[in-house]
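Heads up: the structure comes next, in structure tokens.
The values are calculated or read from the model by the stated rules, or taken from the named source; none is laboratory data. The shown structure was predicted, so the numbers you read here are calculated from the model rather than taken from an experiment. Reconstructed Cβ throughout: ideal geometry from the backbone, glycine too, with neighbour counts over all protein chains shown.
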Amino acid sequence: MGVANDKSIAWAIAAAVAAQGGELAFTYQGEALGKRVQPLADSIGAKLVLPCDVTDDAAVDATFDILEKEWGGLDFVVHAIGWADKQYLRGRYVDTPRDAFLTAMDISCFSFTAVAQRAARLMKNGGSLLTLTYLGAERVMPHYNVMGVAKAALEASVRYMAADLGRDGIRVNAISAGPIKTLAASGIGDFRYILKWNQYNAPLERNVTLEEVGGAGLYMLSDLSSGVTGEVHHVDCGYHMVGMKNPSAPDL
Ligand code: NAD
């Protein structure tokens, strides 16, 4: 869930899973994105491409009803969905109005819970639920604002759902990806500055690639991570543990 184009993190994970023989279905938000997703799905032989706006409970129900009918069960779900009005992804968080807050929270946090409610029902032999988050949940990042607050709630929901669903063998995890130039990222103010800052100050002295996040996704969805749940796994070239600017990094 969350492929918009071939630069989407969801697509990078899908490509890594497909390369190992995984069978996939895709959801998309709105007809325009559906036209972009269909050829990508075709390229890996995926037959199910379903509309699903996650703010619409009936659409989420319909998606999982179709998956149940077609497949009878599910092994994993990737939730790579987030949205906030870009008007509030700049300036001060403190100025966020209630409606923008609630929408960001609904799409970027609650939708993972809504998806988990339906998906868990189909994971009779256990499974893996995976979402995507960002360091702006843990620390203040310029312009991330209401998305940072929504991601913090999303990360807390990962832990609560991991506790709830563990006895059914269902694991719930998040990947905290470093900044990557995607459609969603283009809404964040000064994103190019954020990319440069990470490149200069991450221990690996570069930005993470889509393929690297795809590989981490494959690990989280497969039995390779069978002992891992409730985790926020940073895939960011190590930037999350840095305390100060790299003294040898160029000035920005
Ligand atoms: P993207 O634009 O490719 O994907 C975002 C997806 O969210 C799109 O497919 C969009 O259709 C979907 N979406 C938004 N509102 C929706 C709704 N109401 N119903 C259904 N789908 C909806 O961008 P991306 O960067 O691949 O984002 C995927 C996830 O990764 C997001 O949660 C994002 O916050 C997270 N993330 C991104 C970065 C980054 O730097 N790009 C870093 C860390 C985490």
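Output the residues belonging to segment 38-93 that are within 24 Å of VAL213 (Cα to Cα), in contact with an Asp or Glu (Cβ under 9 Å, 6 or more places away or on another chain) and among the β-branched types (Val, Ile, Thr).
Those that are within 24 Å of VAL213 (Cα to Cα), in contact with an Asp or Glu (Cβ under 9 Å, 6 or more places away or on another chain) and among the β-branched types (Val, Ile, Thr): VAL49, VAL54.
For ALA15, only one of the following conditions fails: (1) near the ligand (Cβ under 9 Å from one of its atoms); (2) within 30 Å of LEU224 (Cβ to Cβ); (3) in contact (Cβ under 8 Å) with a residue 60 or more places away in the chain. What is its number?
The failed condition is (1).
If you check LEU50 against the conditions, is it surrounded by 15 or more Cβ atoms within 10 Å (Cβ to Cβ) and outside any helix (DSSP H, G or I)?
yes
Please name all residue pairs, on different chains or six or more residues apart, with Cβ atoms under 6 Å, provided the first residue is in segment 164-189 and is within 12 Å of TYR144 (Cα to Cα) and buried (at least 19 other Cβ atoms within 10 Å of the Cβ) and the second residue is at pLDDT 95 or above and among the polar types (S, T, N, Q).
Qualifying pairs under 6 Å: PRO179/ASN198.
For the structure I just gave you, tell me whether ASP53 is free of Cβ contacts under 8 Å to residues at least 40 places away in the same chain, away from the ligand (no atom under 14 Å from the Cβ) and farther than 27 Å from VAL235 by Cβ.
no
Looking at (1) outside any loop (DSSP other than H, G, I, E, B); (2) within 14 Å of the ligand (Cβ to nearest atom); (3) among the aromatic types (Phe, Trp, Tyr), find the lone condition where PHE101 falls short.
With respect to (1) outside any loop (DSSP other than H, G, I, E, B); (2) within 14 Å of the ligand (Cβ to nearest atom); (3) among the aromatic types (Phe, Trp, Tyr), PHE101 is out only on (2).
Quick test for you: out of ILE81, ILE107, ILE66, pick the one residue that is modelled with pLDDT of 95 or more, under 25 Å from GLY230 (Cα atoms) and in a helix (DSSP H, G or I).
Matching residue, one of ILE81, ILE107, ILE66: ILE107.
Which one of GLY215, GLY136, GLY238 is touching a strand residue (DSSP E or B) at 6+ places or on another chain (Cβ under 9 Å) and at pLDDT 95 or above?
Only one candidate qualifies: GLY215.
Which one of GLN38, GLN20 is exposed (fewer than 15 other Cβ atoms within 10 Å of the Cβ) and in contact with a strand residue (DSSP E or B) (Cβ under 6 Å, 6 or more places away or on another chain)?
GLN38
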